[in-house]
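This report refers to the structure that appears directly beneath it.
The values are calculated or read from the model by the stated rules, or taken from the named source; none is laboratory data. Predicted, not measured: the structure shown is a model, and the values here were computed from it. With ideal geometry, Cβ positions are generated from the backbone for all residues, glycine too; neighbour counts draw on all protein chains shown.
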Amino acid sequence: MLLDQLLSTKFQLLAVPGLDQLPDTELTQYLRQYLIACRVDNKSAKTILIYSRFVGYFIKFLISAGISANLKDINQNHIRLFIVTLQERNLT
């Protein structure tokens, strides 16, 4: 029961702003679990927020590009395309 509470959306969303705005995907669920691991490892709140935002941007990118946000469907090219998109965004 305690583990279910720790993994619950409500618990996670209280600590990480913007996480509640991500679509419910497999990758989002893994992100929530990873953020719990970051807390256990005593990562700073700022580090956890940065990790959450960056992966959140990736999830939003996948969905806007019509790419599945399931881990088995993501490949190196999707990640490279995301990085190129970020690089081009910083050029303008």
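Okay, residues lined up against (1) free of Cβ contacts under 8 Å to residues at least 12 places away in the same chain; (2) closer than 13 Å to Tyr30 by Cβ; (3) out of contact with any Gly (no Cβ under 9 Å at 6 or more places or on another chain):
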site	(1), (2), (3)
Asp41	yes, no, yes
Ser44	yes, no, yes
Leu49	no, no, no
Phe54	yes, no, yes
Lys60	no, no, yes
Ser64	yes, no, yes
Asn70	no, yes, yes
Arg80	yes, no, yes
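Considering the stretch 1-84, the qualifying helices (runs of 4 or more DSSP H), each wholly inside and each with 3 or more residues that are at pLDDT 85 or above, run over 26-40, 45-64. Restricting attention to the stretch 33-84, the residues that are of a type in the set (Ser, Thr, Tyr) and surrounded by fewer than 11 Cβ atoms within 10 Å (Cβ to Cβ) total 2.
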